[in-house]
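J.: Here it is, the structure, as structure tokens.
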Amino acid sequence: MIEYISAKTIVTRTKSAEWFGTDYNMNIYKGCCHGCIYCDSRSECYHIDNFEKVRVKQDALRIIRDDLRRKVKKGVINTGAMSDPYNPLEEELCLTRHALELIDAYEFGVSIATKGPLIARDVDILSSIREHSPVICKITITTAADGLSAKVEPGAAVSSKRFEALARLRDCGIFAGILLMPVLPFIEDNEENVRAIIEKASECGCRFIYPAFGMTLRQNQRDYYYEMLNRIFPGENLVGKYRKRYGESYECRSPQAARLYRMLGAECEKRGILYKMKDITHAYKENYGDNQLNFLDMI
Ligand code: SF4
């Protein structure tokens, strides 16, 4: 049975526009059922009980419409932080789809982060939005291997399905690419994996790959992650390696980070794939108001 929760407002101002140049945040759903073993949203600091159960904000579309109507400044609305707008409930409820229709009607832009291939269903509305405002679609892929993605992201579609969605977005002219994060130390941070992702991204016409070679770990998120590592990779002593290398550190940077970043940069340059935040943000906003204003400011 679908569980609804109350909300007063859904489209809220972001604290900083650094993350892909977005202005607002929108979460229609709370919680996420993809079950990624590394999920940060499991941390106690977010105070989300029963995070794996997706709940729906009651009356979401009316609230979003009121929020948009009241905004004085147009901008890009980010969705997909700490919940996935294309979770399994969305197939039936179509709330993300209808929210995109409102975003289109009120002439805002949109930035979507997801692991759900269902995003390809909404290419018609995304195409309509890009007629007037910036659109960027980010699909998270951490491994090129379906077998490994099924282990570390057990509730999400396997990587090949996400690549298919990226190709479909490309075919419809939508600016889309890969969030290559986290890259799990000692599991995904090898050249073979990163090269395979770049190769597939290139085949799918991805405009960008934005990487973070490593992960973050805190509080009960770490306990859960270690428990899952022992279960999924028995006998590999991965937990021992993590403990030795990172102790209680929040930031767990891959020991291979610098080398992989250099390799990714060189390969992306060769293929015309963007990989720096500044370049990606500039490219998807190119030809829309914001960038033109910034350009005039510089003269
Ligand atoms: S998709 Fe994101 S929010 Fe959902 S479980 Fe995975 S990491 Fe967490």
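Read-outs: derived from the displayed coordinates by stated rules, not from any lab. Here the structure is a predicted model, which means the values were calculated and not measured. All Cβ positions, glycine included, derive from the backbone under ideal geometry; neighbour counts span all protein chains shown.
J.: For the chain, restrict the atom set to alpha-carbon positions and state the Rg and Dmax in Å.
T.: Taking only Cα atoms of the chain, I get Rg and Dmax of 19.2, 62 Å.
J.: Please list 3J(HN,Hα) in residue order for region 64-72, calculated via the Karplus relation 6.51 cos²θ - 1.76 cosθ + 1.60 where θ = phi - 60°; whole Hz, with x for glycine and proline.
T.: 4, 4, 5, 4, 5, 4, 7, 5, 7
J.: So what is the relative contact order of the chain, in percent, for Cα pairs below 8 Å that sit 6 or more residues apart?
T.: Computed over the chain, the figure is 17 percent.
J.: Given Cα pairs under 8 Å that are at least 6 residues apart, what percent is the relative contact order of region 66-144?
T.: 35 percent
J.: Here's another thing I want to ask about it. Between region 74-126 and region 183-203, how many Å separate their Cα centres?
T.: The two parts, judged by their Cα centres, are 27 Å apart.
J.: Give a residue-ordered list of calculated ³J(HN,Hα) values for region 154-170 (Karplus: 6.51 cos²θ - 1.76 cosθ + 1.60, θ = phi - 60°; whole Hz; x for Gly, Pro).
T.: x, x, 9, 5, 5, 4, 4, 5, 5, 5, 4, 5, 5, 5, 5, 4, 4
J.: Which ³J(HN,Hα) values in Hz, rounded to whole numbers, follow from the phi angles of region 217-234 under the Karplus curve 6.51 cos²θ - 1.76 cosθ + 1.60, where θ = phi - 60° and Gly and Pro get x?
T.: Working through the residues one at a time gives 9, 8, 6, 6, 4, 5, 4, 5, 4, 5, 4, 5, 4, 4, 6, 7, 10, x Hz.
J.: What is the antiparallel percent of DSSP beta bridges lying wholly in region 122-258, to the nearest 5?
T.: If I count the DSSP bridges inside region 122-258, around 25 percent turn out antiparallel.
J.: With only alpha-carbon atoms in the gyration tensor, what are the semi-axes of the equivalent ellipsoid for region 21-64, in Å, largest first?
T.: On the way: eigenvalues 91, 42, 19 Å².
The equivalent ellipsoid of region 21-64 has semi-axes of 21, 15, 10 Å.
J.: Order these peptides, 108-114, 71-77, 12-18, 141-147, by their mean beta-carbon neighbour count within 10 angstrom, highest first.
T.: Numbers: 108-114: 24.6, 71-77: 17.1, 12-18: 11.4, 141-147: 19.1.
In descending order of packing, they fall as 108-114, 141-147, 71-77, 12-18.
J.: Identify the chymotrypsin sites (Phe, Trp or Tyr not before Pro) of region 19-105 meeting these criteria: DSSP loop state and at most 16 other C-beta atoms within 10 Å of the C-beta.
T.: Here the sparse-neighbourhood loop sites are TRP19.
J.: Still on this model: At 222 nm, what helix-only mean residue ellipticity would the chain give, in deg cm²/dmol to the nearest 500, using -39500 (n - 2.57) for each DSSP H run of four or more?
T.: Numbers: 12 runs with 125 residues, N = 299.
Result for the chain, helices only: -12500 deg cm²/dmol.
J.: For region 1-133, what is Rg from Cα atoms divided by 2.2 N^0.38 Å, rounded to two decimals?
T.: Taking N as the residue count of region 1-133, the ratio is 1.01.
J.: Still on this structure: Out of the trypsin sites (Lys or Arg not before Pro) in region 249-287, which ones are loop residues according to DSSP with at most 15 other C-beta atoms within 10 Å?
T.: LYS276
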